[in-house]
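Please read the structure below before turning to the comments.
The values are calculated or read from the model by the stated rules, or taken from the named source; none is laboratory data. These figures come from a predicted structure and were not determined experimentally. Cβ atoms come from the backbone with ideal geometry, glycine included; neighbour counts cover every protein chain shown. We work out accessible area using only protein heavy atoms, side chains counted, and drop any ligands, DNA or RNA first. Shrake-Rupley method; radii C 1.70, N 1.55, O 1.52, S 1.80 Å.
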Amino acid sequence: LCSSSLGENETSIAYYTKSIKEEQMVSLCMYNRGVSYLQVGKLEEGLTDLLTVLQRNDDADATAAAVELLRELGVDVVFDT
């Protein structure tokens, strides 16, 4: 999260990926990694992470944030949180 705050998105992607592989707060890390991907212009990877957060639906805050961000990006989602 610190790397993201400093605008070091490539570094934050690496840290989030490591946390996901270690199964640490997976949905939250996937959401944040998705945001970082979007920040560096990797739209497909970012959308994939955000949609995966919706599919997992195991972290209410991450899920709600993903729904909101996807809607802001113009992605139509039908999801009941």
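Do we find a residue being among the acidic types (Asp, Glu) and open to solvent by less than 80 Å² (accessible area, probe 1.4 Å) anywhere in the range 65-73? No; the residues of the range 65-73 include none that is among the acidic types (Asp, Glu) and open to solvent by less than 80 Å² (accessible area, probe 1.4 Å). Is it fair to say Ser4 is without any contact (Cβ under 8 Å) to a residue 12 or more places away in the chain, open to solvent by 20 Å² or more (accessible area, probe 1.4 Å), part of a helix (DSSP H, G or I) and touching a helix residue (DSSP H, G or I) at 6+ places or on another chain (Cβ under 8 Å)? When the stated conditions are applied, Ser4 does not pass them. Might you let me know whether the range 52-64 holds any residue that is touching a Cys at 6+ places or on another chain (Cβ under 8 Å) and modelled with pLDDT of 95 or more? No, the range 52-64 contains no residue that is touching a Cys at 6+ places or on another chain (Cβ under 8 Å) and modelled with pLDDT of 95 or more.
Residue check: is Gln55 out of contact with any Asp or Glu (no Cβ under 9 Å at 6 or more places or on another chain), without any contact (Cβ under 8 Å) to a residue 12 or more places away in the chain, within 21 Å of Val75 (Cα to Cα) and open to solvent by 60 Å² or more (accessible area, probe 1.4 Å)? It is true that Gln55 is out of contact with any Asp or Glu (no Cβ under 9 Å at 6 or more places or on another chain), without any contact (Cβ under 8 Å) to a residue 12 or more places away in the chain, within 21 Å of Val75 (Cα to Cα) and open to solvent by 60 Å² or more (accessible area, probe 1.4 Å). Taking the criterion of being surrounded by 14 or more Cβ atoms within 10 Å (Cβ to Cβ), out of contact with any Gly (no Cβ under 7 Å at 6 or more places or on another chain) and either of a type in the set (Gly, Ala, Ser) or assigned to a helix (DSSP H, G or I) (or both), the residues of the range 18-34 that qualify are Ser19, Ile20, Val26, Ser27, Leu28, Cys29, Met30, Tyr31, Asn32, Arg33.
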